[in-house]
1. Hey, in the protein assembly as shown, which Cys have no second cysteine's beta-carbon closer than 4.7 Å?
2. Roughly how crowded by other chains is peptide B:120-133, in terms of the mean Cβ count from those chains within 10 Å of each of its Cβ atoms?
3. In nm, to one decimal, how far is the A:His84 label point from the B:Lys94 one, both placed 7 Å along Cα→Cβ?
4. Quick one: accessible surface of B:Ile67, probe radius 1.4 Å, all protein chains present, in square angstrom to the nearest 10.
5. So how exposed is B:Phe43, as accessible area in Å² (1.4 Å probe, rounded to 10)?
6. Treating only the Cβ of Lys, Arg, Asp and Glu as charged (+1, +1, -1, -1), what charge dipole size does the protein assembly as shown show about its Cα centre? Round to the nearest 20 debye.
7. With label points built 7 Å along Cα→Cβ from the Cα atoms of A:Ser47 and B:Glu136, find their separation and express it in nm.
8. Based on DSSP H runs of at least 4 residues, each adding -39500 (n - 2.57), what is the mean residue ellipticity at 222 nm of chain A after dividing by all its residues, to the nearest 500 deg cm²/dmol?
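The values are calculated or read from the model by the stated rules, or taken from the named source; none is laboratory data. Predicted model, so just to flag it, every value in this text is computed and none were measured. Glycine also receives a Cβ, built like all others from the backbone with ideal geometry; neighbour counts cover every protein chain displayed. Remember, those area values only see protein heavy atoms, side chains included, never the ligands or the DNA or RNA. Shrake-Rupley method; radii C 1.70, N 1.55, O 1.52, S 1.80 Å.
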Protein chains: 2
Amino acid sequence: MRASLAEKGVALTPRRAKLLEVLVASDRHPSVGEIHEEVRRYFPSTSLATIYNTIELLKETGQVLEIEFSGAANRYDGRIPQAHPHLICVECEKIEDLEMVEPSEPLEAISAATGYRLVNRRTDYYGVCPQCQAREGGQQQAPQSLP
Amino acid sequence: MRASLAEKGVALTPRRAKLLEVLVASDRHPSVGEIHEEVRRYFPSTSLATIYNTIELLKETGQVLEIEFSGAANRYDGRIPQAHPHLICVECEKIEDLEMVEPSEPLEAISAATGYRLVNRRTDYYGVCPQCQAREGGQQQAPQSLP
DNA sequence: TAACAAATTAGAATGGTTCTAAAATCTCTC
DNA sequence: GAGAGATTTTAGAACCATTCTAATTTGTTA
(Lines give C-alpha, C1' and ligand atoms only; values in the text may rest on other atoms or scores of the structure.)
Protein backbone atom coordinates (compact mmCIF):
# COMPACT_ATOMS: atom_id res chain seq x y z
CA MET A 1 0.00 0.00 0.00
CA ARG A 2 2.60 2.50 1.04
CA ALA A 3 5.05 0.75 -1.20
CA SER A 4 3.49 2.29 -4.28
CA LEU A 5 4.96 5.61 -3.24
CA ALA A 6 8.42 4.13 -3.20
CA GLU A 7 7.93 2.86 -6.73
CA LYS A 8 7.45 6.41 -7.87
CA GLY A 9 10.76 7.35 -6.34
CA VAL A 10 9.24 9.52 -3.65
CA ALA A 11 9.86 9.07 0.04
CA LEU A 12 7.28 8.20 2.66
CA THR A 13 8.14 11.03 5.01
CA PRO A 14 6.62 11.26 8.49
CA ARG A 15 4.15 13.93 7.37
CA ARG A 16 3.07 11.86 4.41
CA ALA A 17 2.67 8.78 6.56
CA LYS A 18 0.55 10.67 9.04
CA LEU A 19 -1.61 12.11 6.28
CA LEU A 20 -2.20 8.66 4.87
CA GLU A 21 -3.03 7.41 8.34
CA VAL A 22 -5.55 10.20 8.90
CA LEU A 23 -7.10 9.47 5.55
CA VAL A 24 -7.50 5.77 6.17
CA ALA A 25 -8.62 6.20 9.78
CA SER A 26 -11.50 8.52 8.91
CA ASP A 27 -14.82 7.49 7.46
CA ARG A 28 -15.89 11.11 7.18
CA HIS A 29 -14.45 11.78 3.74
CA PRO A 30 -12.45 14.70 5.08
CA SER A 31 -11.61 17.91 3.26
CA VAL A 32 -8.08 19.22 2.83
CA GLY A 33 -8.73 21.63 5.68
CA GLU A 34 -9.74 18.85 8.04
CA ILE A 35 -6.79 16.71 7.04
CA HIS A 36 -4.50 19.69 7.57
CA GLU A 37 -5.88 20.29 11.04
CA GLU A 38 -5.40 16.65 11.99
CA VAL A 39 -1.85 16.37 10.63
CA ARG A 40 -0.96 19.60 12.40
CA ARG A 41 -1.70 18.00 15.74
CA TYR A 42 1.38 15.87 15.22
CA PHE A 43 3.45 18.16 12.98
CA PRO A 44 2.32 21.69 13.86
CA SER A 45 4.40 23.39 11.20
CA THR A 46 2.80 21.47 8.33
CA SER A 47 1.67 23.79 5.58
CA LEU A 48 -1.41 23.52 3.42
CA ALA A 49 0.78 23.13 0.34
CA THR A 50 2.18 19.89 1.71
CA ILE A 51 -1.31 18.48 2.13
CA TYR A 52 -2.20 19.39 -1.43
CA ASN A 53 1.10 18.05 -2.76
CA THR A 54 0.77 14.76 -0.94
CA ILE A 55 -2.82 14.27 -1.98
CA GLU A 56 -1.70 14.83 -5.55
CA LEU A 57 0.81 12.01 -5.13
CA LEU A 58 -1.81 9.74 -3.63
CA LYS A 59 -4.18 10.47 -6.46
CA GLU A 60 -1.53 9.57 -9.01
CA THR A 61 -0.93 6.25 -7.31
CA GLY A 62 -4.63 5.59 -6.96
CA GLN A 63 -4.60 5.58 -3.18
CA VAL A 64 -7.23 8.22 -2.67
CA LEU A 65 -10.50 9.08 -4.35
CA GLU A 66 -11.25 12.76 -4.85
CA ILE A 67 -14.85 13.91 -4.67
CA GLU A 68 -15.05 17.33 -6.27
CA PHE A 69 -17.37 20.18 -5.42
CA SER A 70 -17.61 23.59 -6.90
CA GLY A 71 -19.14 25.53 -4.02
CA ALA A 72 -17.35 23.72 -1.24
CA ALA A 73 -14.03 22.08 -0.54
CA ASN A 74 -13.24 18.79 -2.22
CA ARG A 75 -13.50 15.69 -0.10
CA TYR A 76 -11.31 12.61 -0.02
CA ASP A 77 -11.91 8.92 0.40
CA GLY A 78 -8.83 6.99 1.46
CA ARG A 79 -10.68 3.87 2.50
CA ILE A 80 -12.19 2.87 -0.82
CA PRO A 81 -10.09 4.65 -3.42
CA GLN A 82 -12.01 3.10 -6.31
CA ALA A 83 -15.04 4.91 -7.69
CA HIS A 84 -18.18 4.01 -5.77
CA PRO A 85 -21.51 5.66 -5.04
CA HIS A 86 -21.81 8.21 -2.26
CA LEU A 87 -24.70 9.49 -0.25
CA ILE A 88 -24.35 13.18 0.46
CA CYS A 89 -26.35 15.24 2.92
CA VAL A 90 -26.88 18.71 1.50
CA GLU A 91 -27.58 20.06 4.99
CA CYS A 92 -24.70 18.91 7.18
CA GLU A 93 -22.41 17.98 4.30
CA LYS A 94 -21.89 14.50 5.63
CA ILE A 95 -20.75 11.98 3.04
CA GLU A 96 -21.41 8.27 3.41
CA ASP A 97 -20.43 5.32 1.30
CA LEU A 98 -23.40 3.70 -0.34
CA GLU A 99 -23.09 -0.05 -0.18
CA MET A 100 -25.96 -0.70 -2.54
CA VAL A 101 -25.76 -2.00 -6.05
CA GLU A 102 -23.40 -0.37 -8.52
CA PRO A 103 -24.94 1.52 -11.43
CA SER A 104 -26.09 -1.16 -13.79
CA GLU A 105 -24.06 -0.59 -16.92
CA PRO A 106 -20.46 -1.75 -16.60
CA LEU A 107 -17.81 0.62 -17.95
CA GLU A 108 -17.03 -1.80 -20.74
CA ALA A 109 -20.54 -1.69 -22.14
CA ILE A 110 -20.56 2.09 -22.18
CA SER A 111 -17.08 2.15 -23.63
CA ALA A 112 -18.13 -0.18 -26.43
CA ALA A 113 -21.29 1.76 -27.16
CA THR A 114 -19.72 5.22 -27.19
CA GLY A 115 -16.13 4.71 -28.27
CA TYR A 116 -14.85 6.48 -25.18
CA ARG A 117 -11.84 5.10 -23.35
CA LEU A 118 -13.36 5.37 -19.89
CA VAL A 119 -11.17 6.09 -16.92
CA ASN A 120 -13.53 6.95 -14.14
CA ARG A 121 -17.06 7.17 -12.91
CA ARG A 122 -18.96 9.22 -10.39
CA THR A 123 -22.27 8.46 -8.75
CA ASP A 124 -23.69 10.66 -6.01
CA TYR A 125 -27.05 10.77 -4.33
CA TYR A 126 -27.96 14.08 -2.71
CA GLY A 127 -30.50 14.42 0.02
CA VAL A 128 -31.17 15.19 3.66
CA CYS A 129 -29.94 12.67 6.18
CA PRO A 130 -32.24 11.31 8.91
CA GLN A 131 -30.52 13.38 11.63
CA CYS A 132 -31.01 16.64 9.74
CA GLN A 133 -34.62 15.74 8.99
CA ALA A 134 -35.21 15.15 12.70
CA ARG A 135 -33.43 18.33 13.75
CA GLU A 136 -35.59 20.50 11.56
CA GLY A 137 -38.79 18.64 12.41
CA GLY A 138 -40.18 18.56 8.91
CA GLN A 139 -39.61 22.24 8.10
CA GLN A 140 -37.76 23.45 5.10
CA GLN A 141 -34.02 23.47 4.90
CA ALA A 142 -31.45 26.19 5.44
CA PRO A 143 -28.85 27.43 2.96
CA GLN A 144 -26.62 24.73 1.58
CA SER A 145 -23.40 24.68 -0.33
CA LEU A 146 -23.39 21.13 -1.59
CA PRO A 147 -25.67 20.47 -4.59
CA MET B 1 -41.80 26.71 -19.76
CA ARG B 2 -41.09 30.39 -19.51
CA ALA B 3 -44.30 30.77 -17.57
CA SER B 4 -42.69 29.31 -14.49
CA LEU B 5 -40.66 32.47 -14.13
CA ALA B 6 -43.81 34.55 -14.08
CA GLU B 7 -45.18 32.42 -11.29
CA LYS B 8 -42.24 33.40 -9.14
CA GLY B 9 -43.09 37.03 -9.73
CA VAL B 10 -40.01 37.71 -11.81
CA ALA B 11 -40.07 39.17 -15.30
CA LEU B 12 -38.85 37.47 -18.44
CA THR B 13 -36.63 40.31 -19.58
CA PRO B 14 -34.98 40.30 -23.02
CA ARG B 15 -31.63 39.28 -21.54
CA ARG B 16 -33.19 36.44 -19.61
CA ALA B 17 -35.09 35.26 -22.66
CA LYS B 18 -31.91 35.27 -24.73
CA LEU B 19 -30.03 33.37 -22.05
CA LEU B 20 -32.72 30.73 -21.93
CA GLU B 21 -32.65 30.53 -25.71
CA VAL B 22 -28.89 30.07 -25.76
CA LEU B 23 -29.18 27.40 -23.12
CA VAL B 24 -31.84 25.42 -24.95
CA ALA B 25 -30.23 25.85 -28.37
CA SER B 26 -26.89 24.41 -27.30
CA ASP B 27 -26.11 20.76 -26.80
CA ARG B 28 -22.62 21.60 -25.58
CA HIS B 29 -23.49 22.04 -21.93
CA PRO B 30 -22.02 25.53 -21.92
CA SER B 31 -20.24 27.24 -19.05
CA VAL B 32 -21.25 30.61 -17.64
CA GLY B 33 -18.45 32.19 -19.64
CA GLU B 34 -19.69 30.73 -22.90
CA ILE B 35 -23.26 31.74 -22.15
CA HIS B 36 -22.06 35.21 -21.31
CA GLU B 37 -20.20 35.51 -24.58
CA GLU B 38 -23.23 34.38 -26.54
CA VAL B 39 -25.71 36.67 -24.78
CA ARG B 40 -23.30 39.56 -25.26
CA ARG B 41 -23.58 39.22 -29.01
CA TYR B 42 -27.12 40.49 -28.67
CA PHE B 43 -26.83 42.60 -25.51
CA PRO B 44 -23.22 43.71 -25.40
CA SER B 45 -23.47 45.41 -22.03
CA THR B 46 -24.61 42.26 -20.23
CA SER B 47 -22.58 41.61 -17.11
CA LEU B 48 -21.46 38.31 -15.70
CA ALA B 49 -23.54 38.93 -12.60
CA THR B 50 -26.70 38.86 -14.67
CA ILE B 51 -25.78 35.47 -16.09
CA TYR B 52 -25.16 34.11 -12.63
CA ASN B 53 -28.35 35.67 -11.27
CA THR B 54 -30.49 34.33 -14.07
CA ILE B 55 -29.04 30.87 -13.84
CA GLU B 56 -29.84 30.93 -10.16
CA LEU B 57 -33.46 31.69 -11.03
CA LEU B 58 -33.54 28.90 -13.58
CA LYS B 59 -32.09 26.47 -11.09
CA GLU B 60 -34.77 27.36 -8.57
CA THR B 61 -37.51 26.71 -11.11
CA GLY B 62 -35.87 23.49 -12.25
CA GLN B 63 -35.24 24.71 -15.80
CA VAL B 64 -31.53 24.07 -15.87
CA LEU B 65 -29.28 21.34 -14.56
CA GLU B 66 -25.98 22.40 -13.06
CA ILE B 67 -22.98 20.14 -13.46
CA GLU B 68 -20.39 21.18 -10.92
CA PHE B 69 -16.63 21.00 -11.22
CA SER B 70 -13.99 22.05 -8.79
CA GLY B 71 -11.07 22.66 -11.14
CA ALA B 72 -13.08 24.10 -14.01
CA ALA B 73 -16.16 26.20 -14.59
CA ASN B 74 -19.55 24.65 -13.94
CA ARG B 75 -21.52 23.54 -16.97
CA TYR B 76 -25.24 23.81 -17.63
CA ASP B 77 -27.81 21.61 -19.30
CA GLY B 78 -30.93 23.47 -20.38
CA ARG B 79 -32.22 20.73 -22.63
CA ILE B 80 -32.76 17.99 -20.11
CA PRO B 81 -32.91 19.75 -16.77
CA GLN B 82 -33.60 16.53 -14.87
CA ALA B 83 -30.68 14.56 -13.50
CA HIS B 84 -29.30 12.16 -16.09
CA PRO B 85 -25.96 10.51 -16.83
CA HIS B 86 -23.25 12.43 -18.67
CA LEU B 87 -20.24 11.35 -20.63
CA ILE B 88 -17.34 13.70 -20.07
CA CYS B 89 -14.12 13.87 -22.06
CA VAL B 90 -11.27 14.72 -19.72
CA GLU B 91 -9.17 15.92 -22.68
CA CYS B 92 -11.34 18.35 -24.60
CA GLU B 93 -13.88 18.86 -21.83
CA LYS B 94 -16.76 17.95 -24.08
CA ILE B 95 -19.90 16.82 -22.25
CA GLU B 96 -22.46 14.55 -23.89
CA ASP B 97 -25.75 13.20 -22.68
CA LEU B 98 -25.67 9.49 -22.16
CA GLU B 99 -28.86 7.91 -23.43
CA MET B 100 -28.17 4.53 -21.90
CA VAL B 101 -29.94 2.95 -18.97
CA GLU B 102 -30.34 4.87 -15.74
CA PRO B 103 -28.46 3.66 -12.68
CA SER B 104 -30.39 0.65 -11.52
CA GLU B 105 -31.58 1.62 -8.06
CA PRO B 106 -34.49 4.05 -8.12
CA LEU B 107 -34.31 6.94 -5.67
CA GLU B 108 -37.18 5.49 -3.69
CA ALA B 109 -35.33 2.27 -2.95
CA ILE B 110 -32.27 4.13 -1.72
CA SER B 111 -34.41 6.51 0.24
CA ALA B 112 -36.19 3.62 1.93
CA ALA B 113 -32.96 1.80 2.70
CA THR B 114 -31.05 4.78 4.08
CA GLY B 115 -33.66 7.10 5.56
CA TYR B 116 -32.43 9.99 3.42
CA ARG B 117 -34.95 12.30 1.80
CA LEU B 118 -33.28 12.32 -1.61
CA VAL B 119 -33.46 15.37 -3.80
CA ASN B 120 -30.96 14.75 -6.54
CA ARG B 121 -28.60 12.39 -8.23
CA ARG B 122 -25.43 12.70 -10.28
CA THR B 123 -23.91 10.14 -12.60
CA ASP B 124 -20.87 10.95 -14.71
CA TYR B 125 -18.59 8.82 -16.80
CA TYR B 126 -15.12 10.23 -17.43
CA GLY B 127 -12.95 9.20 -20.30
CA VAL B 128 -11.31 10.18 -23.57
CA CYS B 129 -13.62 10.70 -26.51
CA PRO B 130 -12.96 9.02 -29.87
CA GLN B 131 -11.78 12.29 -31.47
CA CYS B 132 -9.20 12.92 -28.77
CA GLN B 133 -8.01 9.33 -28.95
CA ALA B 134 -7.52 9.72 -32.70
CA ARG B 135 -5.79 13.07 -32.37
CA GLU B 136 -3.15 11.74 -30.02
CA GLY B 137 -2.71 8.50 -31.94
CA GLY B 138 -2.55 6.25 -28.96
CA GLN B 139 -0.05 8.31 -26.95
CA GLN B 140 -0.66 9.48 -23.47
CA GLN B 141 -2.80 12.46 -22.66
CA ALA B 142 -1.95 16.07 -21.89
CA PRO B 143 -2.85 18.02 -18.77
CA GLN B 144 -6.53 18.04 -17.97
CA SER B 145 -8.70 20.01 -15.63
CA LEU B 146 -11.79 17.83 -15.55
CA PRO B 147 -11.49 14.74 -13.35
C1' DT C 1 -44.55 63.01 -14.25
C1' DA C 2 -43.34 61.21 -9.74
C1' DA C 3 -42.37 57.41 -6.86
C1' DC C 4 -41.40 52.91 -6.02
C1' DA C 5 -39.82 48.28 -7.23
C1' DA C 6 -37.20 45.21 -10.03
C1' DA C 7 -33.22 44.37 -12.90
C1' DT C 8 -28.61 45.24 -14.15
C1' DT C 9 -23.95 46.81 -13.76
C1' DA C 10 -18.98 47.24 -12.41
C1' DG C 11 -16.05 46.09 -9.39
C1' DA C 12 -14.70 44.33 -4.95
C1' DA C 13 -14.63 40.32 -1.93
C1' DT C 14 -14.38 35.37 -1.10
C1' DG C 15 -12.39 30.92 -0.77
C1' DG C 16 -10.44 26.71 -2.41
C1' DT C 17 -6.62 25.50 -5.08
C1' DT C 18 -2.17 26.17 -7.45
C1' DC C 19 2.22 28.31 -8.07
C1' DT C 20 6.79 30.25 -6.71
C1' DA C 21 10.95 31.03 -4.59
C1' DA C 22 13.43 30.24 -0.62
C1' DA C 23 14.56 27.46 3.42
C1' DA C 24 15.03 22.99 5.54
C1' DT C 25 15.99 18.18 5.30
C1' DC C 26 17.77 14.06 3.43
C1' DT C 27 21.12 11.08 0.80
C1' DC C 28 25.10 9.75 -1.12
C1' DT C 29 30.04 9.96 -1.96
C1' DC C 30 34.58 10.72 -0.54
C1' DG D 1 31.73 12.76 9.33
C1' DA D 2 31.73 16.92 5.78
C1' DG D 3 29.90 18.67 1.75
C1' DA D 4 27.31 18.62 -2.79
C1' DG D 5 23.11 17.88 -4.86
C1' DA D 6 18.50 16.46 -4.84
C1' DT D 7 14.06 16.19 -2.49
C1' DT D 8 10.71 18.00 0.68
C1' DT D 9 8.52 21.62 2.97
C1' DT D 10 7.17 26.28 3.86
C1' DA D 11 4.93 30.94 3.59
C1' DG D 12 2.80 33.68 0.98
C1' DA D 13 1.42 35.36 -3.47
C1' DA D 14 -1.37 34.36 -7.53
C1' DC D 15 -5.39 32.47 -9.71
C1' DC D 16 -10.05 32.07 -10.98
C1' DA D 17 -14.88 30.82 -10.69
C1' DT D 18 -18.32 32.46 -8.00
C1' DT D 19 -20.74 35.62 -4.80
C1' DC D 20 -21.62 39.99 -2.85
C1' DT D 21 -22.37 45.08 -2.68
C1' DA D 22 -23.69 49.48 -3.69
C1' DA D 23 -25.02 52.33 -7.22
C1' DT D 24 -27.33 52.99 -11.65
C1' DT D 25 -30.76 51.90 -14.97
C1' DT D 26 -35.11 50.31 -16.36
C1' DG D 27 -39.84 49.35 -15.79
C1' DT D 28 -44.45 49.97 -13.57
C1' DT D 29 -48.11 52.21 -11.40
C1' DA D 30 -50.65 56.07 -9.72
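1. A:Cys92, A:Cys132, B:Cys92, B:Cys132
2. Numbers: counts 8, 7, 9, 8, 6, 14, 7, 11, 5, 4, 4, 1, 2, 3.
Whole-number average of other-chain Cβ neighbours for B:120-133 is 6.
3. 3.3
4. Only protein atoms counted, so the area is about 10 Å².
5. 60
6. Result for the protein assembly as shown is approximately 780 debye, rounded to the nearest 20.
7. So the label points at A:Ser47 and B:Glu136 sit 3.1 nm apart.
8. Theoretical 222 nm ellipticity from helices: -10000 deg cm²/dmol.
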